[in-house]
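Computed from the coordinates by the stated procedures, all read-outs in this text should not be read as laboratory data. Given the structure is predicted, the values throughout are model-derived calculations rather than measurements. Here Cβ is always computed from backbone atoms with ideal geometry, including for glycine, and neighbour counts include all displayed protein chains.
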Amino acid sequence: MQKLLFASVAIGITGHLTGCQMTHNQVTSHTFNDPASVHDYQLPVFPDGIKLLTNYKQTRNQQTWFWSELENHTYQQGENLIVQVVSRKPLKQPPKLFAFSLPQEQGERRYNAIGAYQRWVITAPNGESCVYAQQYTRNESSWLSIFVHYCTLATKPKHVAWLDNLKPSFSLEGL
């Protein structure tokens with residue numbers, strides 16, 4: 001009996017010294033759905049005045065991404081996209097998957113039917129003009145972050161006028 005008691009105490013001490021302890025396992029869930037093609041009217045914000053080639057929707061973790069491809073005569077990756085992200089917090093930059101980022105300096109403040117937005121117009125030496133834009137809107141429980149990267153050889157102001165015509169769609173009300 002005394003040997004059994006000694007063995008129990010030795011195992012207890014050894015177990016304690018080797019770091020046996022109760023741990024709390026936190027479960028983290030990552031969900032990625034394949035992108036699905038959607039119609040223009042299913043986008044949270046509809047760009048009026050520019051032709052959309054294709055639109056996609058993808059759910060990633062606790063965010064829903066929408067992106068639209070615009071005509072791309074420069075054929076550069078990350079150009080001529082409208083990215084819309086529904087999330088719990090506003091995003092400062094578009095997701096890295098889209099291969100573009102916004103300039104760091106303060107942009108020009110403009111307004112459309114959704115509210116205020118910032119835009120940057122950058123002209124390259126070859127005459128190509130690139131427009132970047134960023135806008136936020138929110139409802140009670142989520143934010144919509146909108147990012148635009150549009151490049152064209154046209155340098156006339158009308159090639160960016162469609163940004164002033166962004167309109168909320170019916171699906172924005174349901175977010």
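Residue separation of E105 and L52 scaled by 0.36 nm, minus their Cα-Cα distance, works out to 16.2 nm of gained length.
What shape does segment 30-173 take by its C-alpha gyration tensor, where a ≥ b ≥ c are the square roots of the eigenvalues and a/c under 1.5 counts as rounded, a/b above b/c as prolate, and the rest as oblate? Write down the numbers at each step before the final one.
Values: a/c = 1.57, a/b = 1.41, b/c = 1.11.
Here segment 30-173 falls in the prolate category.
Can you compute the label reach from K92? Point 7 Å from Cα along the Cβ direction, backbone N cut-off under 16 Å, restricted to segment 108-140. Those under the cut-off are 134-136. Site pair Y136 and Q42 shows an inter-label distance of 2.8 nm when each label is modelled 7 Å from Cα along Cα→Cβ. Charge dipole of segment 30-173 (Cα centre as origin; +1 on each Lys and Arg Cβ, -1 on each Asp and Glu Cβ, all else neutral): 340 debye, rounded to the nearest 20.
Model label points for Q118 and F170, set 7 angstrom from Cα along the Cα-to-Cβ axis, are 3.5 nm apart.
Looking at segment 30-129, the trypsin sites (Lys or Arg not before Pro) that sit in a DSSP loop and have at most 15 other Cβ atoms within 10 Å of their own Cβ are K51, R88, K92. Sorted on the mean count of surrounding Cβ atoms within 10 Å across their residues, most packed first, peptides 124-130, 61-67 read 61-67, 124-130.
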